[in-house]
Structures are given as C-alpha cells and as structure tokens.
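The values are calculated or read from the model by the stated rules, or taken from the named source; none is laboratory data. The structure presented is a predicted model; accordingly, all values stated were derived computationally and were not measured. We place every Cβ from the backbone using ideal geometry, glycine too, and count neighbours over all the protein chains shown. Only protein heavy atoms, including side chains, enter the accessible area calculation; ligands, DNA and RNA are left aside. Shrake-Rupley method; radii C 1.70, N 1.55, O 1.52, S 1.80 Å.
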Amino acid sequence: LRELRIAEYPRTVRNTQSFPGLIPLSESAAFIARVDPGSPKDLDYPFYVSARETARQWWGQQLVGADTRGATVLTESLAEYTALMVMRRTYGADKMRRFLRHDQEAYLIGRAQEQEKELPLAHNENQRYIHQRKGGLALYLLQDMLGEDVVNGVLRGLLRQYAYRGAPYPTASSLVDGLRAVTPKDKAYLIDDLFESIVFYENRAASAVARRRPDGKVEVTIDAHAGKLSMTDGGEERPMPLNDYIEFGVDDRNGNPLVRERRLVTQAVQQLTLVVDGVPGRAGIDPDNKLIDRKPNDNMLPVDNQ
C-alpha cells in the first residue's frame with residue numbers, strides 16, 4: 001500500500017468505517033479544526049485522530065478479533081496506543097502529559113456517566129471510555145515500564161499469528177497472555193491491574209521545597225502521599241497494598257521536565273530529594289499522569305524556593 005486517502009464527512013454523521021487505504025475524518029475533528037501550536041495545552045487533534053484512524057489499517061483491517069467480550073482491546077486499544085506513540089515520536093516523551101491527561105479525563109468522565117456497569121479492560125463490552133481511553137493509557141504505561149521494543153514485539157507476534165487469517169480469531173487473552181509472558185515478576189501486578197481489574201491511584205503532592213547547593217545545583221525535597229484502590233464487582237472501593245513503581249519529578253517554570261525518577265513505593269507517606277540543574281517550578285508524584293488517578297490535578301504543586 002503506497003497511498004492513504006482521507007475522506008471528509010459531515011459532523012452530523014455519527015458512524016463511519018475505515019477501509020484499506022481510506023480513513024474517514026469528521027469535518028469538525030480535522031478539516032475545520034483550529035489548533036494553536038503555541039499553546040502548551042492545545043492538542044493537534046487533526047494529527048492525533050489521523051494517526052489513530054491510520055492505525056486501524058493494522059488493528060481492525062489486518063488483525064480482526066473474535067466476537068467476544070473484551071476483543072475491542074485488539075482494535076480500539078491498540079489503535080489509541082499507536083496514536084499515542086506517534087505523538088511521542090513527533091513531540092517527544094516530555095510533551096506527552098497533554099495527551100495522557102486528555103485520555104485520562106475522558107475515561108474518568110465516561111465511567112462517571114456509565115448507566116450500567118464498568119468492566120475491566122479485558123472484559124469490556126464495547127465501552128468506548130474503557131477500550132479506547134483506558135486501553136491507550138494501559139498500553140502506554142506498559143511500554144514506559146517494560147520498554148517500547150518489548151511491547152511492540154508482542155504486537156508483531158499477534159500480527160504474525162493472526163493477520164489476514166480466519167477462525168480461530170484472537171481474543172483479548174491473546175494480547176494479555178502475550179504481555180504477561182514478557183513482564184518481569186516485580187512488574188506482574190501491572191497486567192492484572194490494567195487488564196483484569198479496575199484500579200485507581202490516589203496520589204498527591206503535599207509539599208516541595210528547594211535548596212540551592214554550593215555547587216549551583218538545586219535540591220528539591222518532595223513530600224507526597226501514594227494510595228491505591230480497587231473496585232469490587234459490587235462497586236465498592238477497597239484500599240490495596242502498595243508495591244508499585246511510581247515516578248516522581250520536577251519541572252521548570254514553563255512545565256518542561258528537569259528530572260524524572262521512578263521508585264518502588266511500598267507505603268503511603270513518601271519523602272525524597274531530587275537534584276536538578278535548572279530553576280524548579282513545580283514538583284510532585286506521577287508528574288506526567290501515566291497512572292490512572294482519580295484526581296490527577298493534585299499530583300504537582302509549586303516549589304517553595306528558599
């Protein structure tokens with residue numbers, strides 16, 4: 001395939017379908033969209049949506065899942081993950097917070113508006129806020145923790161085994177089992193948390209104090225709280241023990257990362273000191289919102305420069 005066509009359709013049309021070499025884009029999501037390239041919060045939505053729809057040439061056109069619960073992970077989740085990785089390659093890993101927050105907020109809104117029952121990602125029933133938004137976040141976190149090449153190796157294996165083939169078709173387990181097989185034991189909790197359960201973090205920054213050293217570098221001491229909850233089948237929230245790798249970080253006053261450090265967290269109260277070269281502006285826990293947090297806005301706070 002050496003060409004790709006983009007077809008515009010009116011914003012009043014609700015359902016469209018991609019075909020080999022052809023992707024449909026709504027006029028409101030692409031052709032008449034206004035994007036401010038100078039805004040740190042604005043998304044290049046036409047590019048983002050185009051990347052996701054192009055990804056369906058693989059996930060949905062080449063790889064077709066079985067007609068079973070959770071199988072949309074093989075299309076919607078993988079298409080969203082692919083789009084996120086295109087954004088990462090284009091803008092850089094340090095600019096991904098806006099895209100991750102976009103998916104996270106859409107997931108949180110979607111689950112708040114759920115009229116029936118939220119299901120784990122690997123068992124979702126064609127629920128967009130789960131298979132697209134949560135699915136993209138889950139796979140992005142996995143590549144960040146395990147390595148992009150590791151995750152992509154699993155995806156290549158799926159294509160080799162199932163692309164352009166008929167029954168038996170792959171299911172969500174085909175992806176989950178493949179990811180589980182390449183996940184180290186100390187990170188195995190990720191597979192269950194992201195795919196088989198409904199898990200939230202309650203992380204928040206409490207304080208951040210900076211002290212300049214004689215060598216010109218700046219020490220930033222962060223006090224933070226880490227928490228983790230699971231949702232039962234009955235909708236009850238229960239605290240979970242922590243044995244998770246969580247990132248801490250410091251940004252400058254323009255929101256650019258100065259340092260990131262991932263640590264194994266086993267207790268709620270956290271205090272650590274990070275060393276930076278520049279002038280710190282904000283600091284906290286899970287600074288780029290890679291974890292699904294019920295209140296992602298309190299992860300970072302202004303640094304007290306003493």
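Please state the shape class of the range 122-278: rounded when a/c is under 1.5, otherwise prolate if a/b exceeds b/c and oblate if not, all from the C-alpha gyration tensor. Note, shape of the range 122-278 comes out prolate. Residues in the range 52-63 carry Karplus couplings, in order, of 5, 5, 5, 4, 5, 5, 9, 8, x, 9, 8, 9 Hz; the curve used is 6.51 cos²θ - 1.76 cosθ + 1.60 with θ = phi - 60°, and Gly or Pro positions show x.
Near residue 263, once Lys and Arg are set to +1 and Asp and Glu to -1 for all other residues with Cβ below 13 Å from its Cβ, the sum equals -3. Here the convex hull built on the C-alpha positions of the range 44-188 has a volume of 112 cubic angstrom per residue. Tell me, what % of the accessible area of the chain is carbon and sulfur with a 1.4 angstrom probe? About 47 percent, which is the carbon plus sulfur part of the accessible surface. Straight-line cross-link reach from residue 290 at under 27 Å between alpha-carbon atoms covers these lysines, not counting any fewer than eight positions away in the same chain: 41, 95, 117, 134, 185, 187, 228.
Surface exposure of the chain, expressed per residue as accessible area with a 1.4 Å probe, stands at 50 Å².
For residue 197, the amide hydrogen comes within under 5 Å of the amide hydrogens of 121, counting only partners 5 or more places away or on other chains and with H modelled in the peptide plane.
Restricting things to Cα coordinates, could you compute the convex hull volume per residue of the chain in Å³?
Working: hull volume 46.0 nm³, N = 306.
In the chain, the Cα hull volume divided by residue count equals 150 Å³.
Look at where the Cα atoms of the range 91-158 and of the range 37-79 average out, and the two centres are 11 Å apart.
Residue by residue, the range 68-84 carries 3J(HN,Hα) couplings of 9, 4, x, 5, 5, 4, 6, 10, 5, 5, 5, 5, 5, 4, 4, 4, 4 Hz when phi is fed to the Karplus relation 6.51 cos²θ - 1.76 cosθ + 1.60 (θ = phi - 60°); x denotes Gly or Pro.
Each residue of the range 155-164 was assigned a 3J(HN,Hα) from its phi angle through the Karplus curve 6.51 cos²θ - 1.76 cosθ + 1.60 (θ = phi - 60°); the sequence is 5, 4, x, 4, 5, 4, 7, 10, 4, 6 Hz, with glycine and proline shown as x. Summarising the amide proton neighbourhood of residue 25: residues at separation of 5 or more, or on other chains, whose placed amide H is nearer than 5 Å comprise 7, 8, 9.
Relative to its residue count, the range 199-305 spans a Cα convex hull of 85 Å³ per residue.
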